[in-house]
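This report refers to the structure that appears directly beneath it.
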Amino acid sequence: MNLAYEQEDSLQTDLLPKASAANIERILRNLNHFNSTPEFGTTRVLFTEPEVAARNYIKQEMQQLGLSIREDAAGNIFGTYEGTEPVLAPIWTGSHIDTVLNAGMFDGMSGVVAGLESIRLLEEAQLRPRRSIVVVVYTSEEPTRFGLGCLGSRALAGKLGAEEAKQLKDKDGKSLYEVLQSLDFPVDHFDEVPVRRGDVKAAVELHIDQTGELEREGKTLGIVRTICAPSVYDFKVTGRQSHAGGTSMARRRDALMASAEMALAAEELTKASLGPDDYATATVGRMNVIPGAVNVIPGEVDFSLDVRDASFAHKKELTQKILGKFEEIAAKRQVKLTGREYNDDHPMPCSEEIQAKLTAAAEELGIPYMKTISGAFHDSMLVGEFAPVGMLFVPSRDGISHSPQEWTDFEDIAAGTDVLARALYALADE
């Protein structure tokens, strides 16, 4: 791009008004009414009554902005602000509106609302870029109902088709495919969901910061360099169930103590693997003890392991060390270890071009920012399989998310929206 074009682009975005924190608050609070646990946080699980109602509400907001709306077989919602040359590959923005149990009102929803507000600013300034801009509501970023996250973006990336949707089942035994079909989504057209590389020029997602780093550093915005990706395992440790008083410490084959040692080993190996520029985490987030009685030595334990890293190669190396240590502990404690890997995503580097656009917009507006890494995964991680992606973080108080205490100031979301809108226009007018 030449200097003259950059100057012209800057003059165009100078016409943009500032985002309205009040409008952002209005939509977020309206969304929060669709909630199955109003007495304790926000719960909006995929395709439950509150989530379907929230979808309808967002589509109403899209209609008021004059966007054309479509939904695909996986349940993704697309609201399109048509460009002057709509045959060109569009620019996407957006996030998700489903939640984990007893969550907050900002995670995911802020990105959808920022996308809608960005379109409002462009309309108010009567700016119509060459390419269309699409606000996307991705189906179920959270794994709450079907045990797998990023369902909509996985389908768009060609990693979740009709057969996989038939295999994914909720706790009541209903498959994702059956639920989609019952809600009249066009499941016969699942083969039309995947997006080919080149069909989307770029995608930018605004999200709350889930580390507290922005708040600690006193920055309003975080421009993401890489999105970390998880490898997720389920393990079963089988020992010997026996009486707590009648079995000496030397004769025990305690499944819980073995599992606890494995969890600590995962933590220690991950800490030891980190260099000054590395980012990796290991989490044992679920542990089910059987029989779970005060006076019984546990004979069986099921537990989960989530390993994340900004580097796929480093993640694989770390995971192999952890698995090797687990086997060593099992042998030493004379317990049986079985496990399975059911997810192994690749970290996604963010587009340098999009980072540059976000940086230029932040500097133009004088908004303090920093470069950062996303330890949490997002839909952008899967969208990056077919399009260049970027992410923009806004502060979250104490870095808390997935909690009723989750809070982001509406003014910070508005500041992020100002940068997002300018970056979207700059990308869409190329």
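Brief remarks follow.
- For the range 301-349, filtered to residues that are of a type in the set (Gly, Ala, Ser), open to solvent by less than 40 Å² (accessible area, probe 1.4 Å) and modelled with pLDDT of 95 or more, the residue that is nearest to the chain's Cα centre (by Cα) is 304.
- In the range 368-377 there is at least one residue matching the filter, namely being modelled with pLDDT of 95 or more, surrounded by fewer than 23 Cβ atoms within 10 Å (Cβ to Cβ) and not in a strand (DSSP E or B).
- Residues in the range 385-397 that are part of a loop (DSSP other than H, G, I, E, B) and either in contact with a Leu (Cβ under 6 Å, 6 or more places away or on another chain) or closer than 14 Å to residue 194 by Cβ (or both): 385, 386, 387, 395.
- Helices (runs of 4 or more DSSP H) within the range 122-235 that include 3 or more residues touching a residue at least 40 places away in the same chain (Cβ under 8 Å) and crowded, with 21+ Cβ neighbours inside 10 Å: 151-156
- For the range 350-367, filtering for residues that are in contact with a strand residue (DSSP E or B) (Cβ under 7 Å, 6 or more places away or on another chain) and either open to solvent by 30 Å² or more (accessible area, probe 1.4 Å) or outside any loop (DSSP other than H, G, I, E, B) (or both) leaves 5.
- Residue pairs whose Cβ atoms lie under 6 Å apart, sitting 6 or more positions apart in sequence or on different chains, and linking a residue in the range 378-405 that is surrounded by 24 or more Cβ atoms within 10 Å (Cβ to Cβ) to a partner that is among the aromatic types (Phe, Trp, Tyr), are 379/138.
- Residue check for residue 286: open to solvent by 30 Å² or more (accessible area, probe 1.4 Å) and farther than 21 Å from residue 341 by Cα: no
- Residue 414 being surrounded by 24 or more Cβ atoms within 10 Å (Cβ to Cβ) and in a helix (DSSP H, G or I): no
- Residue 356 without any contact (Cβ under 8 Å) to a residue 60 or more places away in the chain and within 27 Å of residue 197 (Cβ to Cβ): yes
- Meets criteria (of a type in the set (A, V, I, L, M) and either at pLDDT 95 or above or on the phi > 0 side of the Ramachandran plot (or both)) for residue 274: no
The values are calculated or read from the model by the stated rules, or taken from the named source; none is laboratory data. The shown structure was predicted, so the numbers you read here are calculated from the model rather than taken from an experiment. Here Cβ is always computed from backbone atoms with ideal geometry, including for glycine, and neighbour counts include all displayed protein chains. Protein only, heavy atoms only, side chains kept; ligands, DNA and RNA dropped before computing areas. Shrake-Rupley method; radii C 1.70, N 1.55, O 1.52, S 1.80 Å.
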